[in-house]
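Read the structure below first, then the notes.
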Amino acid sequence: MGEVAYISKSTAVSSKTVQLGKLYSLSVLDRLMENHHIRMVYYFRSSAGMVAGDLIRKLKESITEMLVCYPVVTGRLVRNDEGKWMVKSNDAGVRISEARAKGSVESWLQKVDREKELLLVYWESMLHKPYFWSTFYVQLTIFEEGGLAVGLSCSHLLSDPISASTFIRAWAEIALNGNILLPPFFHPLPPRRLPINRAQEKPNTHFINGYKSIIEGLNPVQAHNVKTLTLLFTDQIAQSCMGLAQPNTNMGPSPSPFQALAGLFWVCISRVRGERNGLMGLSICEDARKLIGLDKGFFGNCMVYNKVDGAGVEPNSISQAATAVGEAMVRMNYEGIMGLIEWLESSNGQSPPPSMDGDDLICINLEDSDLYSAPFDECLEPLHVSCYVEPVVGRGKVLVLPSPLGEGPMGRVVMVTLPEDEVVKLCEDDLIKRIFSPIILMRA
Amino acid sequence: MDTRSVKLKYVKLGYQYLVNSVLRFLPLPVMAVVAIHVARVSPEKIVTVIESLHLGRLQVTCSSFLVVFIATIYAMSKPRSVYLVDYACFKPPVNFRVAFATFMEHSRLILKDNLKSADFQMRILERSGLGEETFLPRAIQYIPPDPTMEDALDEADLVIFSAIDQLLEKTGIKPKDIDILIVNCSLFSPAPSLSAMVVNRYKMRSNIKSFNLSGMGCSCSLISINLAKDLLQVHPNGYALLVSTEIITPNYYRGKERAMLLPNCLFRMGCAAMLLSNKRRERQRAKYRLLHVVRTHRGADDKAYRCVFEEEDAQGKVGICLSKDLMLIAAEALKTNITTIGPLVLPASEQLLFLFSLIGRKIFNPKWKPYIPDFKQAFDHFCIHAGGRAVIDELQSNLELSEKHVEGSRMTLHRFGNTSSSSLWYELSYIEAKEMMMKGDRVWQIAFGSGFKCNSVVWTCNRPIKATTDGPWAHCIDKYPVHIPEILKL
């Protein structure tokens, strides 16, 4: 690969020893995600006077400070007596590698595709002996003509995309200011606050049913040759999309950009696939931290899959699709999520499914995550952040991310991963091409 | 304790007091007898005796001059005391830390085609007595390490200049005041030398006497002390700056021979800078005064010569091969050294006992157990080179030392690993940080090195020493001593 040259690989350890030998158990939501991993790439423009060697040194020094707060990340996976994964805090550290890329970060962003982008964030699957396998991997790539890319890949067992983004943010805060504003905490999921009063409340089995069908369902067909399309919806375009999603503004609160975009892509991708019997299946994935009383510092998996009911939605109606998505979002309540967690805990002993994607298109809501506010150094300016939740099996994945600073509060970046032929068709789709024409950041 | 051994203990104590004090109190009765005899003789007889000598004024004057002259020659030819004004030990920055688990993972990843060798390294590390906070230079922390000469020079820069900067700040000495410079680093010897690097960095005088000792192993710090002491006799009234270090970067063994993998596991970054002087005005503030230096070289014996040997393995990779007889040879070298240093430092009681035991074994019964002199009576503190757990254990049992005596060595091995020639100074620093050093205390520094050498230096504490806020132990001394398990399970 002439584009990216790997220079070196080492391990970053925390600057102080943490409680060695302490065991952290993983929650039921964590264990389901065993066969997935996350890859994120943060791009920065650098000012002219920046010396690459000094910057790399600063980043490596600051990560050792930051890792003192993350014993789960520097630890290693072990199985307990019941065969379930746990993390043993042993200070082994995080693998960190350095690379060099040709050109500048701006020129790279203009011609990057999925294959090239994944060169900036190394990932190796679990080794034969997981005790020697680093669950988190960081890659620092310096662009020869200016710019920096920070790649983070991690096992989904330990972290969801929200926690992965807070990990990078904590690192950036330490590098810039010397302290972390929101340190992480590692607790099991909280138990139910109030006792169940079954007589009064109708139990919400919606989530349980959804998860049951994924866990007990057939293995999904492995999608061959996926490609990823990254689109930027500026503030204006996103607002017009939201307008289309709710033509009658007096019908209730206006949809969030995620709701509108989910509806849009649901419709377009179904059309591209040639679905005849209504829209294809859709599951949205949202952060449940606030609902169960946790703040963003909770480190682990706390995103819940929520199947959207597409019955009765007309194939070309974005407003109906968005409404259905909105209904699903409303259905996500405390009772439903606690019921799900309790059901998962009671049905112990199940091995995790090969994929949580099931048979549906997955739409992941990351629009509230804070990806752009903390650069590592004053000489760096955040340009773009990409996020992948791999592997993509089943029908495909859509990730809705915040847009870079300066694009307005409603601006969004959408990363769509589909089989290759579908991506090509999606680019040519009328709705996307003519009506909205979002800026294509990354071609398939 | 049963009454028999208690009684024996008091008998021994009584014997020691008697023998050690006999020389002090012997003159008393003799003086008493002479005084009585003189008092008996009448004053007139004394005057007559003096007059009979026919001493003229000239004779008296010449005799007085002669006496004064002899006294001056004697005073001037006496070797001037050498003082250790102060010393500084390098503490690496925290991001050079190496955790056990990380070291092991790296070892497995680098030696993935030789997992048996990786397991061997793991077993060494578990039993090594090293802790979780030792330091390795950055170039060695890569997977796989591929150190260049520039990396080695960077490490040398960092460790040596940090230690010297600290020392100059502590003592207030200017680089231009340094008369003698000795740098010792066994396994890295670039051109220009490390001592030239120091002269260049600190812009020292053009008539500085600089020396660079390489290849002399872990006991080289004490060899430098010996050299400095001799030089200060020839160039009195001077300052000697000594730097002891081992540059780890170029010496990483990249092969798989087990006998050569040990140094990778045990050697860590470290450096010490010492300021010696024989200026009279340093007498007040110097920390220690040098008493004895004893050097023992067993190189004439082939086995001893080859027991720590740098060579290429079957694949052509260079490493330091440690022979299985290392401990035996170390014990032999130790015996030779303490036989020489014993008479210099041991109190008369112990020397007599040793003599009797020797005579007894030669004449009466060779099967008598040899008497091991009690060095605890000669010294208050022991700094045993932290070459490895086995070395400390061996010396502890040979010299019958308690855990408290070897605490400094064990804790230095735990906290800093084997920093080669500078480890003695980290150990001394530990003793000071624990405020165990009192004025008048005697310290014995003993180190082994390739060749095979065993060197000893004895210091006496010149002034009370308080724990300071700087120094390598400053932020962690309260955690020590820690219990170090036999085998650390990871």
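Table for the structure above
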{"item": "Filtered residues of region B:91-129 (kept if within 9 Å of chain A (Cβ to nearest Cβ), under 29 Å from the mean Cα position of the chain (by Cα) and surrounded by fewer than 22 Cβ atoms within 10 Å (Cβ to Cβ))", "result": "B:P93, B:V94"}
{"item": "Within region A:30-63, considering residues that are small (G, A, S) and within 14 Å of chain B (Cβ to nearest Cβ), the one nearest to A:G83 (Cα to Cα)", "result": "A:S62"}
{"item": "Filtered residues of region A:77-87 (kept if surrounded by fewer than 21 Cβ atoms within 10 Å (Cβ to Cβ) and within 14 Å of chain B (Cβ to nearest Cβ))", "result": "A:L77, A:V78"}
{"item": "Residues of region A:7-29 that turn out to be in a strand (DSSP E or B), of a type outside the set (V, I, T) and more than 7 Å from chain B (Cβ to nearest Cβ), as a count", "result": "4"}
{"item": "Subset of region A:35-69 that is closer than 23 Å to A:T166 by Cβ and acidic (D, E) - its residue that is surrounded by the most Cβ atoms within 10 Å (Cβ to Cβ)", "result": "A:E65"}
{"item": "Scope region B:411-441; condition closer than 30 Å to B:N251 by Cα and of a type in the set (A, V, I, L, M, F, W, C); matching residues", "result": "B:M411, B:L413, B:F416, B:L424, B:W425, B:L428"}
{"item": "Residue match in region B:418-432 (condition: part of a loop (DSSP other than H, G, I, E, B) and over 14 Å from the mean Cα position of the chain (by Cα))", "result": "no"}
{"item": "Residue in region A:431-442 that is assigned to a strand (DSSP E or B), crowded, with 22+ Cβ neighbours inside 10 Å and touching a strand residue (DSSP E or B) at 6+ places or on another chain (Cβ under 9 Å) present", "result": "yes"}
{"item": "Single residue of B:H292, B:H381 found to be in contact with a helix residue (DSSP H, G or I) (Cβ under 7 Å, 6 or more places away or on another chain), under 24 Å from B:N462 (Cα atoms), crowded, with 20+ Cβ neighbours inside 10 Å and in contact (Cβ under 8 Å) with a residue 60 or more places away in the chain", "result": "B:H381"}
{"item": "Scope region B:51-76; condition loosely packed, with under 10 Cβ neighbours inside 10 Å and at pLDDT below 85; matching residues", "result": "B:E51, B:S52, B:L53, B:H54, B:G56, B:R57, B:L58, B:A75, B:M76"}
{"item": "First in region B:185-198 and closer than 17 Å to B:V318 by Cα, second anywhere and of a type in the set (S, T, Y) and not in a helix (DSSP H, G or I), Cβ under 7 Å, 6 or more apart", "result": "B:S186/B:S214; B:S189/B:S214"}
{"item": "Hey, A:R100 more than 12 Å from every other protein chain (Cβ to nearest Cβ) and surrounded by fewer than 21 Cβ atoms within 10 Å (Cβ to Cβ) or not", "result": "yes"}
{"item": "Residue within region B:139-158 that is more than 23 Å from B:K91 (Cα to Cα), touching a residue at least 60 places away in the same chain (Cβ under 8 Å) and surrounded by fewer than 22 Cβ atoms within 10 Å (Cβ to Cβ) present", "result": "yes"}
{"item": "Conditions (1) farther than 20 Å from B:S224 by Cβ; (2) in contact (Cβ under 8 Å) with a residue 24 or more places away in the chain; number of the one not met by B:F452", "result": "(1)"}
{"item": "Residue list for region A:283-329, restricted to those being of a type outside the set (D, E, K, R), touching a strand residue (DSSP E or B) at 6+ places or on another chain (Cβ under 6 Å) and assigned to a loop (DSSP other than H, G, I, E, B)", "result": "A:A288, A:G297"}
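The values are calculated or read from the model by the stated rules, or taken from the named source; none is laboratory data. What you see is a predicted model; the values in this text were computed from it and never measured. Here the Cβ is made from the backbone with ideal geometry for all residues, glycine too, and neighbour counts use every protein chain on show.
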